Amino acid sequence: MSEHFEEQEFNTDHLDTHLWRRILKHFFSYKKDLTIIFVSMISMAIIDIIFPFLNKTAIDFFVLANGDLKQLQPFGIAYIVLIILQAMVVYVFIRFTGKIEMQFAYDIRNQAFRKLQEQSFAYFDKTPQGWIMARLTSDIGRLADIVSWSIIDLVWGLTLILGVSTVMLVVNWKLALMVLVVVPFLAYISIIFQKKILNRYRLTRKINSKITAAYSEGILGAKTTKTMGLESKQSHDFKALTQDMKSQSVKAAILSAAFMPMVMGLGAFSSAMLIWLGGQEVLVGTLAFGTLVLFTQYAAQFFEPLRQIARLLAEFQMAQASAERVLSLLNADIDLVDRADVIARYGSILDPKEAEYEAIRGDVSFEHVDFYYKKEEPVLTDFSLDVFAGQTIALVGETGSGKSTIVNLICRFYEPKAGHIKVDGIDIQDRSLGWLHSNLGYVLQAPHLFSGSIMENIRYGKLSATEEEVIEAAKRVSAHDFIIQMEEGYQSDVGEGGGRLSTGQKQLISFARAILANPSIFILDEASSSIDTETEHIIQTAIESVLKDKTTFIIAHRLSTIVNADRILLIDKGRIAEDGTHSSLMRLKGQYYRLYTNQFNEERQNELLNIKESNEQRQL
Amino acid sequence: MTINQLFMKYLKGLRLRMASLFVVVISYVSLTLISPLLFAFLIDNVINGASIDASWLIWYSNLFGGVESIRNHLWLAALMIIGVNLIIFVLMYFRGHLNGVISERFVERLRNDLFDHLQLMPYHSHVNAKSGDLIQRCTSDVDTIRRFLAGQVSELVYAISIASIAMFILLQINLRLALIAMITLPILVLFAYFFFKRMQAMFKASDEAEGELSTVLQENLSGTRVVKAFNREVHELAKFDVKNRNYKNLTYKLIELLGMYWATSDLIVLTQIFIVVIFGIFAAQNGEITVGQFFVFLSYESMILWPIRNVGRILSDLGKMLVSLKRLNEIFDESIEDLASGDVVDVKGDIVFDHVRFQYPDGHEPVLRDVSFTIKKGETVAILGPTGSGKSSLVHLLTRLYEYTDGSIQLNGHELRTIQKAHIRQNIGIVLQEPFLFSKTILENIRVAKPNADENEVKRAAEMASVNRVIHEFDLGYRTLVGEKGVTLSGGQKQRIAIARTILSDTPILIFDDSLSAVDAHTDERIRTALKDRAQGVTTLIITHRILSAMQADKIIVLENGVISQLGTHQSLLEEEGLYKRIAWIQNQMIEGGDSLE
């Protein structure tokens, strides 16, 4: 699927103000916490400005002027208070910024997940899972990190610079100008360098992901490499990568190594100016000695925030790509949604009005349905089918014949391009998705279980089910026996994706889950392939007893499981090629007969050759 | 190898640079410390007119024509500041440069060796390998080491040398005040060290919570059908919210604790400065120190404290780096194959198995027992048998991916064990059951073992493997990328490309390890015919389940439970009772045209 997905390329050369405004709008909704942060930050900046003042007092008053030591007490108290304040402010600042960072990430993640739950099936077909995962994990994380810490650093830096400049200008504007004169140069150098450093950095990241990919191929493809004797070629290719990585990284390191001294060189230049010109004034007595000391300290303090701001601007540019990707997910259109009047009556997916749902009897009909995934490749054309409540319908056919599509349409994972699909004579688009889905039972070939206990997994079919109901459902599909033999019984953990259970066990559990939901329409999608004969027999019995009075659609590869279906439809190129019971189709000696005979023989051969699993299974 | 030896191995050739880095950092530190002294001299003696008592200062000022002269030409003072700083900046630059070069060269070789080692680990290790864990080690553990080398080494040297030199100078100026100025240092280091050690558990908790969040998300995405069909969107949202909230809270707690750390260490540092200020004032009023010296104490105090605050943290990072080195060392401890030793003999295609017995290194029972047969150059031999009967093991032995336990295997009369592994594998082309294609273009994939093959050769090979037409149907043809960023190929397409790449090498022996299982019977036959026409004289072994593939072979070997149960030709085997006949009978019942059912 991934080949159809084209990642939008985002331009990150310029700051996109529109985009950032939208993100900031969200960010600034945490008014209370932000207020606390800004207050603490301004206090921090003020404290940073006051400390040199205190030290100046110590020199000017106590040391130079041999001031009265009795004054030391208020001085000391002021100093201690300031220290405590500083520590408190630092704590408050970090704590609340962290809070906002996490809250922001949390909110956006929940919003994105909510959006994903509302998305149509087609969206997941064309969007790779890895892409979505990366958006919801690393991109949102990075965005939250940048907007909280960086925006706050930016405000801090600007405040400090403004504060220091103001104080310097007020105390002595001539000395102040000596410090400020280097600012434009600094800004210029910083912007040029940060851009270059950033570009290098991106380059190394790209190579780094190539190295990771090479390791992964080196390990996964080791058998092939070995049998073909490709070790030295592979090693040679890899060395080219690491060498490239090294030279690019060293270049990046050199750029950064050159940048800092340049910034600080400008700082030293202002200090030198201060000593030269300021010193002359001290000598002629037009400047207090302490003031000169104060200025030399301010000059040092001034450059750190300036450098930070340059770095932050570069980081914003980098985060922009993350921001754009996250927003593209949040803003993606949902192409399958209930009509407004339907939502008004039955509620939306995430806010359903279940009391309004009408019960379903189970008649299903297709009326002149056209469907395609890609316009030039029609799957169903003018397809009609009537199924009565309680019937068991088996769909048989090759891959791509359209049988899975029929199921997708019944489930309303997709909507027909023309024609209608009706349940109990009502067009399913006149009812809500929630109404249809709460009346469906669905068992997949590759059963999907969620991490958690067996109990939780079965209960997924009916969240309000009691333990007894869950056990009852498990018993009906004969899963109870193997479950209680497990160490923790129903509380046993199934592992990630159900990994601790065998495929057959997973199928039984997913079957129990569907039965617990007690739906009116049942769909068994290739449910009984790739399990052993015994389990198959158990499921067979369950199908017959449990699903007796339910409308059931079965897509099965193992034709032996559908022998007893009320109707077998052989689907070929989007049409019903053969329609009848097993015996009538066998008499016909058509496609079904051929499929059935070959499969029968293949199974016997596989028994001889001991092949239990199907090809698909082996590839997993 | 110990961790220490491992580290030293990669430091080789970088020792001189490492030494230069130490020299650069220590010079840098010295000059950084001189800078305030210079400032003090300029402020104290030059501008404020204090008398000079230190002899080196008199000597120094005489260089510039005495204090008076400097006072009258204050631009000299400005030049001094700029001069010292200029040297500092040059040193700073070299520090960054050396950091980059040392760390990058170190990891470059480490990465290369890791890659080579992984490639050379025996087949058996790769069968059991946990690839995710290995990749993790090769990437993030290597990065941990790189980051430590790139920043922390020089930070540590910097912190230790600046603290010791500054302390030394302070001790020279005033012993009592100097001791007071260092009183909180041990507390600061220990506090930081233990704090970050303790924090590791919390970092882990936060990482794990993030992992759980990803799992819920991932399961939701791969279970979209289930979620939608059961109408469980609201439930999923609640589930996600729990994990999302948990991750948020844990990480928030972590940040809170970090806030605690920074606040507390600020408190310690500032208190220490305060102590120096107060005692400095007393000392100055008593005439123990001058104004300039007071100034020196103040400046040095911040210079010592902020880097020392880092030492605890660097030490805890050092611990992490050692763990990473240990994890990499575990990879290097795995044994590797020796591809180069052994004889290089003429492999023409004659194969003899003589009472061969084989048992997997970790197995309990032999997989092959008493297997004997002879294959002449140019013969086609089919091997048939149930799953687990030892068919694949047999061909693995032939390529020395595993060593036979007993008996003898000979290629043209040479005992297999004595032949060089690389040579064997160059002469035996094997197409694996589940071939791996590299994420390169199809063209590059096919000529991977013969890079100098021209495009026509590649196309001929693809033609023979019946995959040429498929490739042409892709938009970019042979330039189509395989894998994540390119096309997703079906199992049968992969197998056929793998066949093309194997036959391109013109090896005297060709093995197909059930490698036509995913193509239909007609394509299978087309490929075999094409091979037969081209490769006269090539010995071919075909492992298969299809009677159609086996029937034209010169010899058919039926393996059951590690023993040859039948051996003969299609005709002879049809005449005896056994597995071959039974399978042939069943396959005969198959109806033409029904094959394409999955």
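The values are calculated or read from the model by the stated rules, or taken from the named source; none is laboratory data. It should be emphasised that the depicted structure is a prediction, and the values quoted were computed from it without experimental measurement. Note that each Cβ is placed from the backbone with ideal geometry, even for glycine, and that neighbours are counted across all protein chains shown.
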**Q.** The one condition in (1) in a helix (DSSP H, G or I); (2) over 30 Å from A:A144 (Cα atoms); (3) among the polar types (S, T, N, Q); (4) within 14 Å of another protein chain (Cβ to nearest Cβ) that B:N231 fails to fulfil
**A.** (1)
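Residues checked against (1) buried (at least 17 other Cβ atoms within 10 Å of the Cβ); (2) within 9 Å of chain A (Cβ to nearest Cβ); (3) within 43 Å of the chain's Cα centre (by Cα):
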site	(1), (2), (3)
B:Y252	yes, yes, yes
B:I281	yes, yes, no
B:A284	yes, yes, no
B:I304	yes, no, yes
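Quick test for you: out of B:L221, B:L254, B:L149, B:L237, pick the one residue that is outside the structural domain of B:T271 (by TED's automatic domain parsing) and touching a helix residue (DSSP H, G or I) at 6+ places or on another chain (Cβ under 7 Å).
Details: B:L221 fails: outside the structural domain of B:T271 (by TED's automatic domain parsing); B:L254 fails: outside the structural domain of B:T271 (by TED's automatic domain parsing); B:L237 fails: outside the structural domain of B:T271 (by TED's automatic domain parsing).
Exactly one residue qualifies, and that residue is B:L149.
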Q: Inspect the stretch A:481-504 for any residue being at pLDDT below 85, in contact with a Gly (Cβ under 8 Å, 6 or more places away or on another chain), in a loop (DSSP other than H, G, I, E, B) and not hydroxyl-bearing (S, T, Y) and give the result as yes or no.
A: yes
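So, A:S247, is that one over 20 Å from B:P451 (Cβ atoms), surrounded by fewer than 21 Cβ atoms within 10 Å (Cβ to Cβ) and either of a type in the set (A, V, I, L, M, F, W, C) or more than 7 Å from every other protein chain (Cβ to nearest Cβ) (or both) or not?
Details: over 20 Å from B:P451 (Cβ atoms): yes; surrounded by fewer than 21 Cβ atoms within 10 Å (Cβ to Cβ): yes; either of a type in the set (A, V, I, L, M, F, W, C) or more than 7 Å from every other protein chain (Cβ to nearest Cβ) (or both): yes.
So A:S247 passes the test.
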Q | Identity of the residue in the stretch B:368-402, charged (D, E, K, R) and within 14 Å of chain A (Cβ to nearest Cβ), that ends up nearest to B:A553 (Cα to Cα) | A | B:K391
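Being away from chain A (no Cβ under 11 Å) and more than 15 Å from B:V157 (Cβ to Cβ) narrows it down to one residue among B:L21, B:L86, B:L37, B:L76; which is it? Don't jump to the end; show me each part of the working.
Working: B:L21 fails: more than 15 Å from B:V157 (Cβ to Cβ); B:L86 fails: away from chain A (no Cβ under 11 Å); B:L76 fails: away from chain A (no Cβ under 11 Å).
Checking each option against the conditions leaves just B:L37.
Going by the structure shown, is B:Q152 crowded, with 16+ Cβ neighbours inside 10 Å, more than 14 Å from every other protein chain (Cβ to nearest Cβ) and under 39 Å from the mean Cα position of the chain (by Cα)?
Numbers: crowded, with 16+ Cβ neighbours inside 10 Å: yes; more than 14 Å from every other protein chain (Cβ to nearest Cβ): yes; under 39 Å from the mean Cα position of the chain (by Cα): yes.
Taking the combined requirement at face value, the residue satisfies it.
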Q: Consider A:I254 carefully, then state whether it is surrounded by fewer than 19 Cβ atoms within 10 Å (Cβ to Cβ) and either of a type in the set (K, R) or at the interface with chain B (Cβ under 7 Å from one of its Cβ atoms) (or both).
A: yes
Q. Limited to the stretch B:286-302, what total is found for residues that are under 20 Å from A:F75 (Cα atoms), more than 10 Å from chain A (Cβ to nearest Cβ) and in contact (Cβ under 8 Å) with a residue 40 or more places away in the chain?
A. 2
Q: Scan the stretch A:383-410 and report the pairs whose first residue is within 13 Å of another protein chain (Cβ to nearest Cβ) and over 23 Å from B:K228 (Cα atoms) and whose second residue is of a type in the set (F, W, Y) and outside any loop (DSSP other than H, G, I, E, B), with Cβ atoms within less than 7 Å and a gap of 6+ or a chain change.
A: A:V396/A:Y592
Q: Would you point out which residue out of A:Q86, A:Q73, A:Q111 is crowded, with 17+ Cβ neighbours inside 10 Å and part of a helix (DSSP H, G or I)?
A: A:Q86
Q.
Can you pull out every residue in the stretch A:221-232 that is within 7 Å of chain B (Cβ to nearest Cβ) and either in contact with a strand residue (DSSP E or B) (Cβ under 6 Å, 6 or more places away or on another chain) or surrounded by fewer than 16 Cβ atoms within 10 Å (Cβ to Cβ) (or both)?
A. A:T227
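Inspect the stretch B:460-471 for any residue being assigned to a loop (DSSP other than H, G, I, E, B), free of Cβ contacts under 8 Å to residues at least 60 places away in the same chain and in the same structural domain as B:T529 (by TED's automatic domain parsing) and give the result as yes or no.
First pass over the stretch B:460-471, keeping only residues assigned to a loop (DSSP other than H, G, I, E, B): B:465-467.
This time we only want the ones that are free of Cβ contacts under 8 Å to residues at least 60 places away in the same chain, so: B:467.
With in the same structural domain as B:T529 (by TED's automatic domain parsing) added as a condition, the list becomes B:467.
Looking through the stretch B:460-471, at least one residue is assigned to a loop (DSSP other than H, G, I, E, B), free of Cβ contacts under 8 Å to residues at least 60 places away in the same chain and in the same structural domain as B:T529 (by TED's automatic domain parsing).
Identify, please: which residue in the stretch B:336-388 is of a type in the set (S, T, Y) and at pLDDT 85 or above and is, among those, nearest to B:T540 (Cα to Cα)? Even if it seems obvious, please write down each step before you answer.
Start the filter on the stretch B:336-388 by keeping residues that are of a type in the set (S, T, Y), which leaves B:341, B:360, B:372, B:374, B:380, B:387.
From what is left, the residues that are at pLDDT 85 or above are B:341, B:360, B:372, B:374, B:380.
Details: B:S341: 27, B:Y360: 25, B:S372: 17, B:T374: 13, B:T380: 5 Å.
Here the residue is B:T380.
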Q. So which helices (runs of 4 or more DSSP H) are wholly in the stretch B:21-122 and hold at least 2 residues that are of a type in the set (K, R) and crowded, with 17+ Cβ neighbours inside 10 Å?
A. B:74-120
Q: Considering each of B:T441, B:T502, B:T507 in turn, give the residue that is away from chain A (no Cβ under 12 Å) and either in contact (Cβ under 8 Å) with a residue 12 or more places away in the chain or buried (at least 17 other Cβ atoms within 10 Å of the Cβ) (or both).
A: B:T441
**Q.** Candidates B:K494, B:K555 - the one that is out of contact with any Cys (no Cβ under 7 Å at 6 or more places or on another chain) and within 12 Å of chain A (Cβ to nearest Cβ)
**A.** B:K494
Q | Failed item in (1) within 11 Å of chain A (Cβ to nearest Cβ); (2) out of contact with any Lys or Arg (no Cβ under 6 Å at 6 or more places or on another chain); (3) acidic (D, E), with B:E212 passing the rest | A | (2)
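How many residues does the stretch B:158-180 contain that are basic (K, R) and surrounded by 17 or more Cβ atoms within 10 Å (Cβ to Cβ)?
Pass one, the stretch B:158-180, residues basic (K, R): B:176.
Then keep just the ones that are surrounded by 17 or more Cβ atoms within 10 Å (Cβ to Cβ); that gives none.
Qualifying residue count, the stretch B:158-180: 0.
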Q: With respect to A:E367, determine if the residue is modelled with pLDDT of 85 or more and part of a strand (DSSP E or B).
A: yes
Q: Quick one: which residue in B:V538, B:V519 is touching a residue at least 12 places away in the same chain (Cβ under 8 Å), crowded, with 18+ Cβ neighbours inside 10 Å and within 20 Å of B:K377 (Cβ to Cβ)?
A: B:V538
Q) Among the residues of the stretch A:171-217 satisfying the criterion of being more than 13 Å from chain B (Cβ to nearest Cβ) and among the aromatic types (F, W, Y), which is nearest to the chain's Cα centre (by Cα)? A) A:Y188
Q) Can you tell me which residues in the stretch A:228-238 are assigned to a helix (DSSP H, G or I) and either touching a helix residue (DSSP H, G or I) at 6+ places or on another chain (Cβ under 6 Å) or in contact (Cβ under 8 Å) with a residue 60 or more places away in the chain (or both)? A) A:E231, A:Q234, A:S235, A:F238
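For the stretch B:505-553, give me the residue count where each residue is of a type outside the set (D, E, K, R) and in a loop (DSSP other than H, G, I, E, B).
Initially, the stretch B:505-553 is screened for residues of a type outside the set (D, E, K, R), giving B:505, B:507-512, B:515-519, B:521-523, B:527, B:529-531, B:535-545, B:547-553.
Then drop every residue that is not in a loop (DSSP other than H, G, I, E, B), which leaves B:505, B:507-508, B:515-519, B:535-538, B:544-545, B:551-553.
Total satisfying the criteria: 17.
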